[in-house]
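Each remark here refers to the structure printed beneath this line.
The values are calculated or read from the model by the stated rules, or taken from the named source; none is laboratory data. From a predicted model like this one, the values you see are computed outputs, not experimental measurements. Neighbour counts run over all protein chains shown; Cβ positions are idealised from the backbone, glycine included.
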Amino acid sequence: MTTNKLNIQEFLNQDQKKDLLRLLTAGSVDDGKSTLIGRLMFDSKMLYEDQLAALERDSKRVGHAGEDIDYALLLDGLKAEREQGITIDVAYRYFSTAKRKFIIADTPGHEQYTRNMITGGSTANLAIILIDARHGVITQTRRHTYLANLLGIKHVVVAINKMDLVDFSQKRFEEIKNEYAAFVTQLDVPDVNFIPLSALKGDNVVETSEKMPWYHGPSLLEFLENVHVSSDRNFDDLRYPVQYVLRPDIKFRGFSTSVASGIIKKGDEVMVLPSLKKSKVKSIVTYDGELDYAFPPQSVTVTLEDEIDISRGDMLVHPDNLPRVERQFEAMLVWMDEKEMNLSTQFYIKHASNTTKARIDDIRYKVDVNTLEKSNIEKFNLNEIGRVVITTTKPLFFDPYKKNKQTGSFILIDPVTHNTCAVGMIIDKLSSKNLFSRITDTDKEQIAAGKSLIKTEERRQKLNQKGETIWITGLHGSGKNELAFSLERKLFDNEASAVLIDGSSLRSGLSRELDYSPADRAEHLRRVAHICKMLNDQGIITICSFISRNESLREQVAEIIGKDRFHLFYMDASLEFCKQNKPELYEKAENGEIENLPGFDLEYEVPQKAKLVFKPEENEANLDAILDYLANNKVFPIH
């Protein structure tokens with residue numbers, strides 16, 4: 001009895017120490033992905049008796065393999081999959097042999113399920129790309145290879161299946177091998193292997209087949225058991241993204257997470273990002289006791305010699321080996337949301353243990369994953385892939401995805417639905433070289449003519465507003481300034497981009513040499529109008545508070561700015577109210593110290609075309625009326 005217990009414990013200990021290989025299968029519909037995995041599990045004796053009995057029963061009832069056992073039924077668990085004989089969802093299966101443990105992701109072959117393949121392959125070390133020997137390299141083969149390359153999978157097994165249907169022809173195998181090799185040289189896949197097999201019959205799946213004596217390589221299972229993947233992990237760059245601060249009592253304060261990359265050792269000097277504070281590793285603690293060092297993907301708790309303020313989202317690194325610390329970067333993005341991309345959305349970005357806000361500034365191009373052709377596009381739809389520029393609210397600590405998967409990957413989350421709408425692989429920080437890489441001949445013509453490369457509609461979508469002018473007229477002391485400044489505050493609080501222009505500010509600078517004569521007043525307003533036009537062209541709302549005493553002056557201003565984006569409001573205040581509001585100004589006018597004061601000794605024409613008319617006593621209601629007007633006229637917000 002004791003001996004049996006020891007044997008079981010010894011077996012469990014040995015099984016726990018086995019290396020784990022994560023792999024995915026991909027290929028076109030009916031290439032035999034599910035059949036291959038089912039055959040692997042069947043021939044490696046990893047099925048229980050009840051599973052075997054159910055498999056034989058289901059093969060007769062809903063199978064697609066004739067008189068043979070349909071091994072695909074082990075993977076195709078959805079009713080729709082069994083009915084159609086295809087894979088729709090990602091199916092994960094676990095099995096082990098004497099040498100290694102395996103987690104297999106059986107991913108769909110249809111293009112409409114690209115996001116499912118991305119999900120299944122995100123953690124894979126190796127990809128098995130199936131090719132039907134009858135059809136050779138097809139569009140889906142190229143697409144799946146590109147996606148595997150995009151995911152940074154370094155080991156690819158090209159399983160040329162259904163060799164039994166081409167009479168186990170070596171010539172056919174070599175033709176497919178050469179065609180695939182010519183394609184894959186365009187990509188960055190360092191390890192590609194070719195294995196001819198028949199998943200349905202079992203040739204070269206677990207045991208090497210006598211029917212293909214010309215093939216001298218290993219069987220598929222033999223290759224999977226021996227392929228070396230541990231060196232694929234990054235052991236050079238320490239990245240320790242703090243996920244949790246562990247404080248069980250007043251004497252212990254540790255920082256817990258799984259090591260993303262690199263090796264952390266007791267006594268190591270480390271730097272905390274973003275604070276740049278330094279300390280040394282005091283201990284590395286696990287449930288089973290302390291360690292001298294830790295490496296990926298171990299989950300540990302680290303304590304430091306010094307009391308440093310560290311929280312979730314911070315990162316421990318070696319001081320002489322820092323990641324990029326940037327707010328802007330380029331990335332390859334896979335759109336996973338049913339809803340099309342909206343560039344004006346402020347997404348949440350989840351990167352390592354950090355979450356912040358982010359926006360997509362630019363789409364460099366879309367990749368046609370079937371042909372690898374690049375094209376310009378304004379937004380992504382479901383399953384589309386392309387290169388984008390992203391800006392985050394606060395800096396992220398990242399590495400290029402090719403160098404470090406853990407710190408080079410992220411997801412974008414919709415702020416309303418909280419759905420994961422995209423996954424991304426960081427290429428690198430945005431360099432100044434990239435800013436000029438897309439200037440076309442048409443762009444150069446626009447630059448020469450002084451025209452912006454940014455379209456008006458792009459600005460509107462980004463800022464969620466139209467660049468238009470709110471012009472408030474009225475006498476001195478009418479309360480128009482109070483309304484203008486209150487409006488600026490309200491728009492700012494609502495995240496609008498608005499600039500307030502008032503007379504006193506401009507007369508201290510731009511119009512410093514002008515007096516208050518009618519001619520100089522007109523020149524002053526002409527300058528104001530041109531400033532408004534420039535700001536409106538940039539998508540900015542301008543708020544102007546000026547007397548603009550007669551209809552002809554207001555018409556000239558509207559002509560310069562553009563009548564379609566000039567909104568005239570009138571503060572209707574009596575002269576008596578204005579005198580009470582600004583007594584010193586009107587006393588000087590009565591004493592002859594100043595002249596040409598509109599409404600007093602200079603005519604003021606009440607506007608007949610004002611969009612809104614206000615009473616100064618109702619300032620709060622006036623403010624609400626302007627906000628309603630802007631919303632109803634789609635000035636702000638526009639959606």
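Against the conditions (1) part of a strand (DSSP E or B); (2) surrounded by 18 or more Cβ atoms within 10 Å (Cβ to Cβ); (3) β-branched (Val, Ile, Thr); (4) at pLDDT below 90, where does residue 128 fall short? Just the number, please.
(4)
Go through the residues of the range 561-576 one by one and say whether even a single one is buried (at least 18 other Cβ atoms within 10 Å of the Cβ) and more than 23 Å from residue 622 (Cα to Cα).
yes
Of (1) outside any strand (DSSP E or B); (2) under 56 Å from the mean Cα position of the chain (by Cα); (3) assigned by TED's automatic domain parsing to the domain that holds residue 485, residue 589 satisfies all except one. Which?
(2)
Working carefully through the options 614, 600, 566, find the one that is among the aromatic types (Phe, Trp, Tyr) and without any contact (Cβ under 8 Å) to a residue 40 or more places away in the chain. Step through it out loud before you land on a result.
Details: 614 fails: without any contact (Cβ under 8 Å) to a residue 40 or more places away in the chain; 566 fails: without any contact (Cβ under 8 Å) to a residue 40 or more places away in the chain.
The match here is 600.
Taking the stated definitions as given, is residue 520 out of contact with any Phe, Trp or Tyr (no Cβ under 8 Å at 6 or more places or on another chain), farther than 26 Å from residue 633 by Cα, assigned to a helix (DSSP H, G or I) and of a type outside the set (Ser, Thr, Tyr)?
Working: out of contact with any Phe, Trp or Tyr (no Cβ under 8 Å at 6 or more places or on another chain): yes; farther than 26 Å from residue 633 by Cα: yes; assigned to a helix (DSSP H, G or I): yes; of a type outside the set (Ser, Thr, Tyr): yes.
Yes; evaluated as a whole, the condition is true for this residue.
In the range 525-551, how many residues are closer than 20 Å to residue 485 by Cβ and either aliphatic (A, V, I, L, M) or over 37 Å from the mean Cα position of the chain (by Cα) (or both)?
Of the residues in the range 525-551, 12 are closer than 20 Å to residue 485 by Cβ and either aliphatic (A, V, I, L, M) or over 37 Å from the mean Cα position of the chain (by Cα) (or both).
For the range 188-216, enumerate the residues that are within 42 Å of the chain's Cα centre (by Cα), surrounded by fewer than 21 Cβ atoms within 10 Å (Cβ to Cβ), part of a loop (DSSP other than H, G, I, E, B) and free of Cβ contacts under 8 Å to residues at least 60 places away in the same chain.
189, 190
Can you give me the number of residues within the range 264-293 that are out of contact with any Ser or Thr (no Cβ under 8 Å at 6 or more places or on another chain), assigned to a strand (DSSP E or B) and within 27 Å of residue 230 (Cβ to Cβ)? Can you show your working first?
Here is the first cut: in the range 264-293, the ones out of contact with any Ser or Thr (no Cβ under 8 Å at 6 or more places or on another chain) are 264-265, 267-268, 271, 273-280, 287-289, 291-293.
Those left that are additionally assigned to a strand (DSSP E or B): 264-265, 271, 273, 277-280, 289, 291, 293.
Still in the running and within 27 Å of residue 230 (Cβ to Cβ): 264-265, 289, 291, 293.
Within the range 264-293, residues that are out of contact with any Ser or Thr (no Cβ under 8 Å at 6 or more places or on another chain), assigned to a strand (DSSP E or B) and within 27 Å of residue 230 (Cβ to Cβ) number 5.
Give the range 612-639 a look and list any residue that's under 20 Å from residue 485 (Cβ atoms) and assigned to a loop (DSSP other than H, G, I, E, B), or say none.
If we filter the range 612-639 for residues that are under 20 Å from residue 485 (Cβ atoms), which is where we start, we get 612-630, 635-636.
Scanning the range 612-639 gives 615, 635, 636.
Being touching a residue at least 40 places away in the same chain (Cβ under 8 Å), within 23 Å of residue 533 (Cα to Cα) and not aromatic (Phe, Trp, Tyr), is that true of even one residue in the range 620-629? Can you show your working first?
First pass over the range 620-629, keeping only residues touching a residue at least 40 places away in the same chain (Cβ under 8 Å): 622-623, 626-627, 629.
With the extra rule that they be within 23 Å of residue 533 (Cα to Cα), the set shrinks to 626-627, 629.
When the remaining residues are screened for being not aromatic (Phe, Trp, Tyr), the result is 626-627.
So far as the range 620-629 goes, yes, one or more of its residues are touching a residue at least 40 places away in the same chain (Cβ under 8 Å), within 23 Å of residue 533 (Cα to Cα) and not aromatic (Phe, Trp, Tyr).
Quick test for you: out of 500, 463, 475, pick the one residue that is touching a helix residue (DSSP H, G or I) at 6+ places or on another chain (Cβ under 6 Å) and more than 22 Å from residue 551 (Cα to Cα). Give the steps one after another, and end with the answer.
Values: 463 fails: touching a helix residue (DSSP H, G or I) at 6+ places or on another chain (Cβ under 6 Å); 475 fails: more than 22 Å from residue 551 (Cα to Cα).
That would be 500, the only listed residue that is touching a helix residue (DSSP H, G or I) at 6+ places or on another chain (Cβ under 6 Å) and more than 22 Å from residue 551 (Cα to Cα).
Of all the residues that make up the range 475-494, how many are in contact with a Pro (Cβ under 9 Å, 6 or more places away or on another chain) and acidic (Asp, Glu)? Full working, then the answer.
Step one: list which residues in the range 475-494 are in contact with a Pro (Cβ under 9 Å, 6 or more places away or on another chain), which gives 475-480, 482-483, 494.
Those still in the list that are acidic (Asp, Glu) too: 482.
Qualifying residue count for the region: 1.
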